[in-house]
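Each remark here refers to the structure printed beneath this line.
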Amino acid sequence: MKNLDLKEIKERTLKIRQQYHQLEKTHHGSEWTVEEDALAFLTDAGLVGRHTMSQQGRWPKGNTNPELQHKLGECIWWLTVLADRMDIDINESIESFLTKTENLLEE
């Protein structure tokens, strides 16, 4: 499997999100709002927690690795969608976070 860069992740993410917007219009008459997207992300983030508990033997559900892997990817996808919808550059966000955190830990 190839390594994806953030540019490719963003391009593919936005293409998929546009396809979902079309489904939302078909089924509900309108696209989801940014708030609805944020809630969907939080739901998936919660599932990451639950699948992690299962993987670590702290929740009684077997073999959740495929679901955990999917939800981790989906959370990255949602964060990319949210950043775009709120006019935040995801590349700049991660670079700024990493640099700030590295500098804090070096002090």
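Considering the range 60-78, the residues that are open to solvent by 100 Å² or more (accessible area, probe 1.4 Å) and over 22 Å from Ile90 (Cβ atoms) include one that is modelled with the highest pLDDT, namely Pro60.
Can you pull out every residue in the range 55-82 that is outside any loop (DSSP other than H, G, I, E, B) and polar (S, T, N, Q)? Talk me through it step by step, then tell me what you get.
Filtering the range 55-82 down to residues outside any loop (DSSP other than H, G, I, E, B) leaves 55, 65-82.
If the condition is that a residue be outside any loop (DSSP other than H, G, I, E, B) and polar (S, T, N, Q), then Gln55, Asn65, Gln69, Thr80 are the ones that fit.
Leu6 - would you say it is out of contact with any Leu (no Cβ under 6 Å at 6 or more places or on another chain) and open to solvent by 80 Å² or more (accessible area, probe 1.4 Å)? Spelling it out, it is not the case that Leu6 is out of contact with any Leu (no Cβ under 6 Å at 6 or more places or on another chain) and open to solvent by 80 Å² or more (accessible area, probe 1.4 Å). What is the residue count in the range 26-39 for residues that are surrounded by fewer than 16 Cβ atoms within 10 Å (Cβ to Cβ) and touching a residue at least 12 places away in the same chain (Cβ under 8 Å)? Here the count works out to 1. Taken over the range 83-105, the criterion of being in a helix (DSSP H, G or I) and among the β-branched types (Val, Ile, Thr) is satisfied by Ile90, Ile94, Thr99, Thr101. Hey, does the range 83-100 have a residue that's of a type outside the set (Gly, Ala, Ser), within 20 Å of the chain's Cα centre (by Cα), farther than 19 Å from Glu11 by Cα and surrounded by 15 or more Cβ atoms within 10 Å (Cβ to Cβ)? Within the range 83-100 (the criterion being of a type outside the set (Gly, Ala, Ser), within 20 Å of the chain's Cα centre (by Cα), farther than 19 Å from Glu11 by Cα and surrounded by 15 or more Cβ atoms within 10 Å (Cβ to Cβ)), the answer is no, since none of the residues qualifies.
The values are calculated or read from the model by the stated rules, or taken from the named source; none is laboratory data. This structure is a prediction, so every number in the text was calculated from the model and none was measured. In this analysis, Cβ positions are derived from the backbone assuming ideal geometry, glycine residues included, and neighbour counts consider all displayed protein chains. We work out accessible area using only protein heavy atoms, side chains counted, and drop any ligands, DNA or RNA first. Shrake-Rupley method; radii C 1.70, N 1.55, O 1.52, S 1.80 Å.
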